[in-house]
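Single-structure report; data block below.
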Amino acid sequence: VASPISSCGHCAGCLTGRPYQCRAPQETQRTPDQAPRLSLDGPALAQFIGIGGFAEQVLVHERLVVGVGKDIPFDRAALLGCGVVTGAGAAINSARIRPGDTVAVIGCGGVGLNVIQGAALAGARRVVAIDLQPAKLELAKVFGATDTVNPAQGDATGAVKDLTGGGVTHAFEVIGLRQTAMDAVAMLEVGGTAYLIGVHKPGATIEVTPFGDLMGKQKGIRGVAMGSTNLKVDIPFYADLYLQGRF
């Protein structure tokens, strides 16, 4: 399985088990004085995020690939490298959800569904799925959501607070919009944390009140990249969960 988590293997992040926080990920790329990995009639071809998709063959650095058991089908294994680790990893690694926690997930696409099943596996008591598309909300139930909210039918933040008795321990924003990021902060309980996973436009900003939100209610906001994943450990783990029928 290929995964776009580039790591040098020897910086402080890598040596302490956090390759997703590598200080020198560029070391997995070839330097200008070296022959390119891929080229077409001479000029080099750029490989998006170190891999390049929609190709029958790719040449990648060994630190961007990991072996999994032969029993998992290729089309399932292919999902592990990005969507699964980003979503499930955000719940299991970044948030470290504990049994009894409450969770809201804003956006139930491929990554959001994996946040949901990661939260369910970790023992969350309530997992509230939020999306505008009814079909996605139905699928979210299959992945472990205990409740669903459609913002088209009313105030999503109010609905989440009603369902959970005041707010959630963890809120995951998996869309990348200013308003939904602010909603994630608003639907937290005292001491809760919002995790921003969706990719926002460059230069985008959100508004929070340092005293009212961060100090007064002790809320936290954290950016998450690739689910805080150690791909050599986590991808084989998720493959095993799939083969066991737990993912």
Exercise. If you go through the range 23-51, how many residues are part of a loop (DSSP other than H, G, I, E, B) and at pLDDT below 95?
Worked result: 18
Exercise. Can you find even one residue in the range 184-198 that is closer than 14 Å to D131 by Cβ and in contact with a Ser or Thr (Cβ under 7 Å, 6 or more places away or on another chain)?
Worked result: no
For this session: Report yes if some residue within the range 229-238 is under 19 Å from V128 (Cβ atoms), open to solvent by less than 40 Å² (accessible area, probe 1.4 Å) and assigned to a loop (DSSP other than H, G, I, E, B); otherwise report no.
Result: no
Problem set entry | Filtered residues of the range 26-62 (kept if closer than 18 Å to I5 by Cβ and of a type in the set (F, W, Y)) | F48
For this session: Using the structure shown, decide if A35 is over 14 Å from K232 (Cα atoms), open to solvent by 60 Å² or more (accessible area, probe 1.4 Å) and either touching a residue at least 60 places away in the same chain (Cβ under 8 Å) or in contact with a Pro (Cβ under 6 Å, 6 or more places away or on another chain) (or both).
Result: no
Seminar exercise, completed: The condition from (1) open to solvent by 40 Å² or more (accessible area, probe 1.4 Å); (2) farther than 23 Å from T28 by Cα; (3) in a helix (DSSP H, G or I); (4) not charged (D, E, K, R) that A91 misses is numbered (1)
Seminar exercise, completed: In the range 141-192, residues that are open to solvent by 10 Å² or more (accessible area, probe 1.4 Å), in contact with a helix residue (DSSP H, G or I) (Cβ under 8 Å, 6 or more places away or on another chain) and part of a helix (DSSP H, G or I) total 4
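The values are calculated or read from the model by the stated rules, or taken from the named source; none is laboratory data. Worth saying up front: this structure is predicted, and the values here are computed from it rather than measured. Note that each Cβ is placed from the backbone with ideal geometry, even for glycine, and that neighbours are counted across all protein chains shown. These area figures cover heavy atoms from the full protein model, side chains too; ligands, DNA and RNA do not enter into them. Shrake-Rupley method; radii C 1.70, N 1.55, O 1.52, S 1.80 Å.
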